[in-house]
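Structure record follows, encoded as structure tokens.
The values are calculated or read from the model by the stated rules, or taken from the named source; none is laboratory data. What you see is a predicted model; the values in this text were computed from it and never measured. Glycine also receives a Cβ, built like all others from the backbone with ideal geometry; neighbour counts cover every protein chain displayed. Areas reflect the complete protein model, heavy atoms only, side chains present, ligands, DNA and RNA absent. Shrake-Rupley method; radii C 1.70, N 1.55, O 1.52, S 1.80 Å.
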Amino acid sequence: MLDNAWSTFKWIFYADSGRKPWMLETRSSDACIMCTVSFAAFTDMMLYGVIIPVIPYALVTEFGVAESDVQRWNSISVFVYAAGLLFAGPIFGILADHYRSRRTFMLVGLISLIVATLIICLAKSVGVFIFGRLIQGISGGAVWTVGLALLSDSFPDEHIGKVMGILGGALSLGVCLGPLIGGIVFSRAGYFAVFAVVFSVVGFDILMRLFMLEKKDLIKYQNSGSVEHVLIDATVENVTGDEETIIAVPGATGGASEQFSYSKKFRLPGMFRLLSNWRVLNVLFLTTIMAWIMAALESTLPYHAEQLFNYSSLGSGLLFLPLSITSLTGPLIGYWIDKTSPRWPLCAGFVITCPFVILMRVPNSDDLRQIVLMFALLGLLGLAMAALNTATMAEISACVTAAEAQKPGVFGAGGGYAQAFGLFNFAYSAGSVIGPLEGGFLVDNKGWDTMTWSLGLIAGITAVPALLFTSGYLFSAKNSIEVVTQNAQGSNAIDGQTDEAIALGETIELRHMASAELMG
């Protein structure tokens with residue numbers, strides 16, 4: 001009975017059970033992949049944000065932290081989460097590109113997310129709580145890196161802006177709705193009620209990640225009867241790969257397999273190739289600054305609102321409402337990117353951020369007009385952050401696509417998307433580490449006003465490289481004819497590799513025919 005139950009479970013949830021998976025076409029559809037990855041990102045960021053307005057009060061009531069140390073521990077909480085993300089992103093990127101199973105690593109991230117949530121919920125000391133935030137950051141590294149790579153694998157380049165816009169909206173919505181939900185639930189029902197909401201969201205996320213299958217699973221079953229297709233795929237994969245490879249070829253007698261191996265010259269790992277590309281370095285720098293600004297505000301705004309407006313956790317959570325509303329503009333920004341390029345949304349995002357983050361120093365009392373002004377500024381800042389989130393992700397994907405078009409197979413059989421988004425997560429995490437440290441230090445020593453103008457200055461300066469270097473150098477002499485020529489060269493290279501694969505397949509077939517004749 002247990003064997004039958006396990007066989008049924010594998011048939012429903014896995015693609016390698018030996019039978020065609022249940023609802024294969026639906027589970028590997030564009031809509032299913034988009035919804036699953038977006039909800040996974042939403043879940044991760046909601047869990048990250050749901051305790052932001054709760055931390056200042058939980059540190060005192062649950063962990064016995066002195067009131068004077070609240071801001072310091074609040075900043076440490078954001079810092080530790082970012083540190084987990086910092087190291088996990090590149091590691092998951094390398095593993096996901098090497099093993100090529102995006103879904104498996106998303107499930108690994110979900111397991112670590114559940115563990116982290118349990119630790120944070122049951123923590124009785126501030127040290128255990130901080131450890132839970134570290135594990136939470138590690139799980140975020142899997143979700144962001146593998147999820148973004150899965151979307152880049154599944155959707156064509158001409159729609160990548162819209163796709164990243166939808167994902168960016170989900171990310172922003174999670175960041176902003178998390179504090180809102182956390183503040184409301186904590187004020188009405190207490191600390192543990194917040195985690196009841198969290199576990200219900202995680203439970204639904206589990207079902208979605210188990211339900212989804214990748215495009216390669218659909219392709220595998222569509223072509224399962226074609227030996228030639230399998231042979232050519234295996235050969236092309238090994239022609240472009242970087243290490244010694246063994247190819248299994250169906251034999252001429254009895255279904256046996258013959259194996260042969262050959263080694264190729266050493267190639268620099270894909271992640272280092274990406275780091276040698278100045279366009280990639282530019283977008284990683286922009287990502288770091290974007291995360292720096294957002295993390296600095298996230299780690300200081302709830303405590304500032306408590307001091308300035310006499311807000312409870314509910315009021316601190318409501319501050320994130322305008323950010324939530326404007327984050328829904330992500331798909332529109334993605335459409336803009338698809339029609340133009342990531343350059344203009346990135347530049348506009350930093351230009352908008354500069355004055356409005358500085359103006360956040362203006363509200364200086366709990367007067368209603370001052371509160372309305374703060375909400376309006378946060379709404380405009382949310383619009384800028386939606387543009388920055390969407391455009392940076394689209395630019396990362398475009399960088400990998402451009403590198404592959406210029407030199408097909410440069411990242412090996414697994415492609416370079418997971419490694420590229422691993423670097424993206426590293427840059428985002430670096431900014432998230434710097435932001436709370438810089439923001440918390442300035443607020444403690446120089447005050448809120450100094451912190452806001454410093455962030456505005458950073459955003460204004462960063463608008464310059466965003467304008468000049470995103471999507472290639474702004475004043476480059478490169479024209480559309482050269483782009484078409486490069487694409488044609490890339491296409492010819494791919495055709496050449498396919499011809500080589502076919503030739504190799506024919507050679508192997510002749511060897512088997514000769515062997516069969518000798519055995520006969």
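Per 0.36 nm of contour for each residue apart, how much would the distance between V464 and S200 grow if the chain were fully extended, relative to their Cα-Cα spacing?
Extending this stretch completely gives an extra 90.7 nm.
Measuring from label point to label point, each 7 Å out along Cα→Cβ, what is the K407 to K215 span in nm?
Output for this residue pair reads 2.4 nm.
Please work out how much length the chain gains when fully extended from Y335 to C35, using 0.36 nm per residue of separation minus the C-alpha to C-alpha distance, in nm with one decimal.
Here the answer is 106.2 nm.
If you plug each phi of region 295-310 into the Karplus form 6.51 cos²θ - 1.76 cosθ + 1.60 with θ = phi - 60°, what whole-Hz ³J(HN,Hα) values come out, in order, with x for Gly and Pro?
5, 4, 6, 4, 7, 10, 5, x, 5, 5, 5, 4, 6, 7, 9, 6
Going 7 Å from the Cα of W453 toward and past its Cβ, which residues in region 355-371 have a backbone nitrogen under 20 Å from where you end up?
Counting only backbone N, you get 355-365.
No solvent, one uniform scatterer per C-alpha: report log10 I(q)/I(0) for region 113-165 via the Debye equation at q = 0.17, 0.20, 0.27 1/Å, two decimals.
Once normalised to I(0) and log-transformed, intensities are -0.60, -0.68, -0.92.
Ratio of alpha-carbon Rg to the 2.2 N^0.38 Å globular estimate for region 77-153, to two decimals, please.
Cα-based Rg divided by the globular estimate yields 1.12.
Could you list the square roots of 5 times each eigenvalue of the Cα gyration tensor of region 361-463, that is, the equivalent ellipsoid semi-axes, sorted largest first and rounded to whole Å?
Working through the eigenvalues yields semi-axes of 38, 16, 10 Å.
If DNA, RNA and ligands are ignored and the probe is 1.4 Å, what is the ranking of H304, H159 by accessible area, most exposed first?
Greatest to least solvent exposure: H159, H304.
With every protein chain left in place, what is the accessible area of Y428 in Å² (1.4 Å probe, nearest 10)?
About 30 Å², rounded to the nearest 10.
Taking θ = phi - 60°, what integer Hz values does the Karplus form 6.51 cos²θ - 1.76 cosθ + 1.60 yield along region 422-431, in sequence order, with x for Gly and Pro?
Couplings: x, 5, 4, 5, 4, 5, 4, 5, 4, x Hz.
Let me cross-check I111: its accessible surface, 1.4 Å probe, with only protein heavy atoms counted, in Å² to the nearest 10?
Roughly 110 Å² of I111 is accessible to a 1.4 Å probe.
Quickly work out the I325-to-V128 label distance, labels modelled 7 Å from Cα along the C-beta direction, and quote it in nm with one decimal.
4.1 nm
When all protein chains stay in place, what accessible area (Å², nearest 10, 1.4 Å probe) is found for C121?
Counting only protein heavy atoms, C121 exposes about 10 Å² to solvent.
Residue by residue through region 394-399, what is 3J(HN,Hα) from phi via Karplus (6.51 cos²θ - 1.76 cosθ + 1.60, θ = phi - 60°)? Round to whole Hz and write x for glycine and proline.
My calculation for region 394-399 gives 5, 5, 4, 4, 5, 4 Hz in order.
Using the structure shown, list the pairs from K20/K162; K20/K339; K162/K216; K339/K407 with a Cα-Cα distance above 27 Å, or answer none.
As for pairs spanning more than 27 Å Cα to Cα, those are K20/K162; K20/K339.
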